[in-house]
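So the structure is just underneath, and the comments pick up after that.
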Amino acid sequence: MSLPPAAYDPREVEGPILESWLAGGWYGQPVLEGRPPFTVVIPPPNVTGSLHMGHALNNTIQDVLVRRARMTGRPTRWVVGTDHAGIATQNKVEQKLAAEGRDRHEIGREAFVEACWEWRREHGSIIISQLKQMGCSCDFEDEWFTMDPSYQKAVRKVFVDLFEQGLIYRGERIINWCPRCTTALSDIEIEHEELEGRLWRIRYPLADPAGDVDHLVVATTRPETMLGDTCVAVHPDDARYRALIGATVVLPLVGRRIPVVADEHVDPSFGTGAVKVTPAHDPNDFEIGERHGCEKVNVLTADARVTAEGGAYEGLDRYEARKRIVADLEEQGLLVSVDDHVHSVGHCYRCHTVVEPWLSDQWFVDMKPLAAPAIECARDGRVRFHPARWTGVYYHWMENIRDWCVSRQLWWGHQIPVFYCDSCGEMAASMEDLAACPACGGPVRQDPDVLDTWFSSALWPFATLGWPEKTPELDYFYPTTVLSTARDILFLWVARMIMQGLKFAGDIPYAEVIIHPTVFNAAGKRMSKSLGTGVDPLDLMEHYGADGMRFGLMLQTTGSQDIRFAEEKLAHSRNFANKVWNASRFVLMSLREDYEPGPPEPLTVADRWILSRLADLSQTVDVCLDADRAREAGAEPFQFGEAARALYDFFWSEFCDWYIELAKGRLAEGGPPGAAARRNLVFVLDRALRLLHPMMPFVTEEIWRRLPLPTEDRADSLMIAEWPRGLAHMRDPAAEASVGVLQELVTEVRAIRARYGLSPKARVDLVVRAAGADAALVEAQAHYLHELAGVGSLSVDPAAVRPACSAVGVAGSFELYVPLEGLVDFAAERERVVRDLGRAREDLERLERKLANEGYLAKAAAEVIEKDRAKAAELARAVVTLEAQAASLSD
RNA sequence: GGGCGAUUAACUCAGCGGGAGAGUGCCUCCCUUACAAGGAGGAAGUCGGGGGUUCAAAUCCCUCAUCGCCCACCA
């Protein structure tokens, strides 16, 4: 066998591994009755999208869970696909047309929709291939799109059922209107931003002056809407205006005579206490208008220009109209004052244009009946959020839910399956397209609007398993196991999936919801392609490997709200992959021709120690990644960062830095000790690779194949090898304690060597003062001290005194001396010893005070007290030792 | 207006009732036949301020400050 390269090169390795995985048929697994499935649905990325850091993080999380579950033997299904993304896609295609000098109205609806499909064919697979590149083990054989024919059927069925049950209705309401996208938006598609605006105070003259009162003053942040004012409202108890209730004012610039009405909604303390009411352009004003029977005058067109109702201002853009109106009012002496005023302004979440509250006919879903069971399933614990604090956010939204405006004035999307008859006025929702009116047989036309994209994505967990058909997959894989997603779509998507799942699939869509941190850039800004503040995951994979990126992300995934991502953070993950590669290379190269696979042989304390540490690691990883195991252990589930850290520390610090180094001597010796060391190296490495695989699939798979360890279980791929279990019996606290002592001794001797700049080849003698069992413990480790600390002769003596010309050290409760003829800087040694002595005395005093405290002795846990006593005893010995050393050095 | 989160070593962040940790960076030494993308050693923090609970607080409670996010019919 040729020697594998010393450096792991992801660029060379990942491609072929990926090919073999895709060809292997392991990604999506079939129904296997009798075994619990593990199902995840991917949050479907927009077809227009390409991989960003949020996807990289979220899909790493999902893949870690899916890969682990697959190894435990659960049939796994990770449903993948893309979202048609109504507005986003329509905007892209419109931009493309614009670049060609055309627009959608010119080519017509049919051709436009075809252009969208064309876009999808060209761009839709980009993000899917990027997921593959990351190593995501989705079921790519079963890729979904939210506009697939069967998916369209599911969407239509949900609409028709809701319609027939009276849960969908059409109505004229104030909705959020994006004048650039020219469509309605739901409330949660609006992004509010605090902006510095103005508060204008405007004089409205009374039609019939009463005494010396000939006007009142209203305050507004949007003066242009005055064109549509149909009354002025004051609070009924406001003494300033009581006499004016019922009076008539003449609307400036327009001349319309409008009443002054009394309404409880008015806050007398804001502005002037008198509100101009524009029922067609403000939700509150709409309500007031309804209560007082006021006219609704729409003064803005779909693209936010003034309508004919605006008289002289007709055709002006809303902001131009504002300027002109303010100027005209000022000229007429009706502008009382202008003040700065900070208020929050809604923007379109797709194009960031300021939205207009606008009166129009739209379709709404009655949400309260759907919300009730969705609240219930979280209350009774069937659905759990992680971190748990999101549960409260979810309740708050659900309990204050408002009806959902689901119609969009777009062409790309699921067209609303409602047919209107112009002859008899019939309105019918239908699963099949209607050619004639079911009531009168007259001609019908279909509603031209499409449904909110989120209406269809809400069905994702069951529509992708075949619903409304009763498929075996739906029966087996639904409800899904875990959903992992970003917090910004908790309401837009997650909450609605829960409502629709309960309503239509008859069960919750998933039991566990992971709300992962948001990825920000190093400056703490949201990563955004358009702003150029993002990091491209593809570049990261190029430089650090898919494993480096994945592991780096996992290390940073803690319970915190966000991740400030800086590229440098990935370097040590890439190095870690290389470390794993080299450790494996070492273990494999140390094996002999005659190696026979078999169970581990815990021959020495070092063997027992590493096996114990491995058992601990296995437990930690399971508790961090498996919700059931976490609950058994009373721990918070889904601790990706903690699992990654445990893997990293175990592999690098414990396995590489200590165990391999401890084993080297025996490997060179050969014989039964060497054979045992090989068995243990193979066993521990094998299990560690399995535990690492979900987070670092490529390097571990490459090792599995290229450096095949001779173990019993040799699956074709590490991906389907067995997940380690049943290691708990290897726990060995005594071995862990012994190796702890050894580590302290070695570290202390190394520190002495470093202090005096001894060459790595130079041997030193070591004198340790210890008695009884302690002495035996140290003596038993003579050869390790030899190998790891360059100790030549070791002498353990209960009455040892400092040899002349020796450096001194303390390791735990051991006092040790290293004779260094002619080398020792006594002044420096003394200074160090005195410093250590000071610290030890302080620590000891603090502990003694604590141990003398009656409250502490009465109330603290027995094991805590025991631990402190042991610690105090050790410190007391250290103080004695250091005092003696200090004294001996002062001669 | 309501709510949530953050504030720990120069930087980025873990830890969240009983010994202040990691990575990066920095200093010293070492190319020791797994790995220089490495090894060994080291310096570095009154855990944002102030109260409180407790035998014991970075960790729980209150409060203040700063930063970030979410929700809300803030004319």
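Only one entry of A:737, A:762 meets the criterion of being part of a loop (DSSP other than H, G, I, E, B) and closer than 30 Å to residue A:796 by Cα, and that entry is A:762. Can you name every residue in region A:248-276 that is under 17 Å from residue A:286 (Cβ atoms) and either within 11 Å of RNA strand B (Cβ to nearest atom) or assigned to a loop (DSSP other than H, G, I, E, B) (or both)? A:263, A:264, A:265, A:266, A:275, A:276 - these are the residues of region A:248-276 that are under 17 Å from residue A:286 (Cβ atoms) and either within 11 Å of RNA strand B (Cβ to nearest atom) or assigned to a loop (DSSP other than H, G, I, E, B) (or both). Within region A:832-863, being touching a residue at least 40 places away in the same chain (Cβ under 8 Å) and either β-branched (Val, Ile, Thr) or farther than 20 Å from residue A:812 by Cβ (or both) holds for A:833, A:834.
Yes/no matrix, rows are residues, columns are (1) basic (Lys, Arg); (2) at pLDDT below 85; (3) under 30 Å from residue A:803 (Cα atoms); (4) surrounded by 11 or more Cβ atoms within 10 Å (Cβ to Cβ):
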site: A:844; (1), (2), (3), (4): no, no, yes, yes
site: A:848; (1), (2), (3), (4): no, no, no, yes
site: A:854; (1), (2), (3), (4): no, no, no, no
site: A:885; (1), (2), (3), (4): no, yes, yes, yes
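Taken over region A:721-775, the residue count meeting the criterion of being of a type in the set (D, E, K, R), more than 15 Å from RNA strand B (Cβ to nearest atom) and more than 39 Å from the chain's Cα centre (by Cα) is 3. Candidates A:392, A:413, A:425: the one that is over 30 Å from residue A:182 (Cβ atoms) and either of a type outside the set (S, T, N, Q) or touching a His at 6+ places or on another chain (Cβ under 7 Å) (or both) is A:392.
For residue A:883, indicate whether it is within 18 Å of residue A:816 (Cβ to Cβ) and free of Cβ contacts under 8 Å to residues at least 60 places away in the same chain. Before you say what the answer is, go through the steps one by one.
On the way: within 18 Å of residue A:816 (Cβ to Cβ): yes; free of Cβ contacts under 8 Å to residues at least 60 places away in the same chain: yes.
Yes, satisfied.
Residues of region A:641-665 being crowded, with 16+ Cβ neighbours inside 10 Å and either free of Cβ contacts under 8 Å to residues at least 40 places away in the same chain or within 7 Å of RNA strand B (Cβ to nearest atom) (or both), which ones? Don't jump to the end; show me each part of the working.
The initial filter retains those residues of region A:641-665 that are crowded, with 16+ Cβ neighbours inside 10 Å, namely A:641-648, A:650-652, A:654-656, A:658-660, A:662-663, A:665.
Once the filter is applied, which keeps residues that are crowded, with 16+ Cβ neighbours inside 10 Å and either free of Cβ contacts under 8 Å to residues at least 40 places away in the same chain or within 7 Å of RNA strand B (Cβ to nearest atom) (or both), region A:641-665 yields A:641, A:642, A:645, A:646, A:650, A:652, A:656, A:660.
Quick check on residue A:870: is it closer than 24 Å to residue A:737 by Cα and either within 11 Å of RNA strand B (Cβ to nearest atom) or basic (Lys, Arg) (or both)? The answer is yes for residue A:870.
Can you tell me which of A:374, A:321, A:378 is touching a strand residue (DSSP E or B) at 6+ places or on another chain (Cβ under 9 Å), buried (at least 16 other Cβ atoms within 10 Å of the Cβ) and farther than 30 Å from residue A:194 by Cα?
On the way: A:374 fails: touching a strand residue (DSSP E or B) at 6+ places or on another chain (Cβ under 9 Å); A:321 fails: farther than 30 Å from residue A:194 by Cα.
After ruling out the rest, the residue left standing is A:378.
Taking the listed residues A:62, A:90, the one that is crowded, with 22+ Cβ neighbours inside 10 Å and over 20 Å from residue A:485 (Cβ atoms) is A:90, with no other qualifying. Of the helices (runs of 4 or more DSSP H) lying entirely inside region A:632-734, the ones with 3 or more residues being touching a Lys or Arg at 6+ places or on another chain (Cβ under 8 Å) are found at A:671-692. Going residue by residue through region A:781-791, is there one that turns out to be on the phi < 0 side of the Ramachandran plot and loosely packed, with under 13 Cβ neighbours inside 10 Å? The answer is no, given that none of the residues of region A:781-791 is on the phi < 0 side of the Ramachandran plot and loosely packed, with under 13 Cβ neighbours inside 10 Å. For region A:623-634, name all the residues that are of a type in the set (Gly, Ala, Ser) and either more than 12 Å from RNA strand B (Cβ to nearest atom) or surrounded by 15 or more Cβ atoms within 10 Å (Cβ to Cβ) (or both). Listed by number, the residues that qualify are A:627, A:630, A:633.
Farther than 24 Å from residue A:326 by Cβ and in contact with a Cys (Cβ under 7 Å, 6 or more places away or on another chain): does that describe residue A:277?
Numbers: farther than 24 Å from residue A:326 by Cβ: no; in contact with a Cys (Cβ under 7 Å, 6 or more places away or on another chain): yes.
Considered against the rule, which asks whether it is farther than 24 Å from residue A:326 by Cβ and in contact with a Cys (Cβ under 7 Å, 6 or more places away or on another chain), residue A:277 comes out as no.
Can you spot a residue in region A:503-524 that is part of a loop (DSSP other than H, G, I, E, B) and among the aromatic types (Phe, Trp, Tyr)? No, every residue in region A:503-524 fails to be part of a loop (DSSP other than H, G, I, E, B) and among the aromatic types (Phe, Trp, Tyr).
Each row is one residue, and each column tells you yes or no for (1) out of contact with any helix residue (DSSP H, G or I) (no Cβ under 9 Å at 6 or more places or on another chain); (2) among the basic types (Lys, Arg).
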| position | (1), (2) |
| --- | --- |
| A:171 | yes, no |
| A:176 | no, no |
| A:179 | no, no |
| A:186 | no, no |
| A:190 | yes, no |
| A:193 | yes, no |
| A:203 | no, yes |
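Is there any pair with a first residue in region A:333-345 that is in contact (Cβ under 8 Å) with a residue 40 or more places away in the chain and a second that is of a type outside the set (S, T, N, Q) and away from RNA strand B (no atom under 12 Å from the Cβ) whose Cβ atoms are under 7 Å apart and which are 6 or more apart or on different chains, and what are they? So the pair list comes out as A:334/A:203; A:334/A:252; A:335/A:326; A:335/A:329; A:336/A:203; A:345/A:354.
Considering (1) within 10 Å of RNA strand B (Cβ to nearest atom); (2) under 48 Å from the mean Cα position of the chain (by Cα); (3) in contact (Cβ under 8 Å) with a residue 60 or more places away in the chain; (4) surrounded by 13 or more Cβ atoms within 10 Å (Cβ to Cβ), the lone condition that residue A:193 does not fulfil carries the number (4). Hey, any hits in region A:93-114 for a residue that's surrounded by 17 or more Cβ atoms within 10 Å (Cβ to Cβ), under 30 Å from residue A:28 (Cβ atoms) and either out of contact with any helix residue (DSSP H, G or I) (no Cβ under 7 Å at 6 or more places or on another chain) or free of Cβ contacts under 8 Å to residues at least 40 places away in the same chain (or both)? Within region A:93-114, none of the residues are surrounded by 17 or more Cβ atoms within 10 Å (Cβ to Cβ), under 30 Å from residue A:28 (Cβ atoms) and either out of contact with any helix residue (DSSP H, G or I) (no Cβ under 7 Å at 6 or more places or on another chain) or free of Cβ contacts under 8 Å to residues at least 40 places away in the same chain (or both).
So, in region A:33-52, of the ones that are modelled with pLDDT under 90 and closer than 19 Å to residue A:82 by Cβ, which residue ends up surrounded by the fewest Cβ atoms within 10 Å (Cβ to Cβ)?
As a first pass, look at region A:33-52 and keep what is modelled with pLDDT under 90: A:33-34, A:46-52.
Subset that is closer than 19 Å to residue A:82 by Cβ: A:46-52.
On the way: A:46: 19, A:47: 27, A:48: 21, A:49: 20, A:50: 15, A:51: 21, A:52: 19.
Checked region A:33-52; the qualifying residue surrounded by the fewest Cβ atoms within 10 Å (Cβ to Cβ) is A:50.
Tell me, yes or no, whether region A:384-404 has at least one residue that is in contact (Cβ under 8 Å) with a residue 60 or more places away in the chain and away from RNA strand B (no atom under 16 Å from the Cβ). Checking region A:384-404: at least one residue is in contact (Cβ under 8 Å) with a residue 60 or more places away in the chain and away from RNA strand B (no atom under 16 Å from the Cβ). When residue A:767 is tested against (1) at pLDDT 90 or above; (2) within 25 Å of residue A:609 (Cα to Cα), just one condition goes unmet, and that condition is (2). Restricting the first member to region A:157-175 and to residues that are on the phi < 0 side of the Ramachandran plot, and the second to residues that are exposed (fewer than 13 other Cβ atoms within 10 Å of the Cβ) and part of a strand (DSSP E or B), the beta-carbon pairs closer than 8 Å and six or more apart or on different chains are A:170/A:361; A:171/A:361; A:172/A:361. In region A:4-29, of all residues being in a loop (DSSP other than H, G, I, E, B) and away from RNA strand B (no atom under 13 Å from the Cβ), the one that is surrounded by the most Cβ atoms within 10 Å (Cβ to Cβ) corresponds to A:27.
Inspect region A:179-187 for any residue being more than 15 Å from RNA strand B (Cβ to nearest atom), part of a strand (DSSP E or B), closer than 30 Å to residue A:488 by Cβ and modelled with pLDDT of 90 or more and give the result as yes or no.
The initial filter retains those residues of region A:179-187 that are more than 15 Å from RNA strand B (Cβ to nearest atom), namely A:179-184.
Adding the requirement that they be part of a strand (DSSP E or B) leaves A:183-184.
After this cut, where a residue has to be closer than 30 Å to residue A:488 by Cβ as well, the list is A:183-184.
Applying the additional criterion that residues be modelled with pLDDT of 90 or more yields A:183-184.
Yes: one or more hits.
Across region A:422-453, what is the number of residues that are over 30 Å from residue A:496 (Cβ atoms) and under 40 Å from the mean Cα position of the chain (by Cα)? Of the residues in region A:422-453, 0 are over 30 Å from residue A:496 (Cβ atoms) and under 40 Å from the mean Cα position of the chain (by Cα).
The values are calculated or read from the model by the stated rules, or taken from the named source; none is laboratory data. Because the structure is a prediction, the values reported are computed rather than measured. Methodologically, a virtual Cβ is constructed for each residue, glycine included, from the backbone with ideal geometry; neighbour enumeration extends over all protein chains shown.
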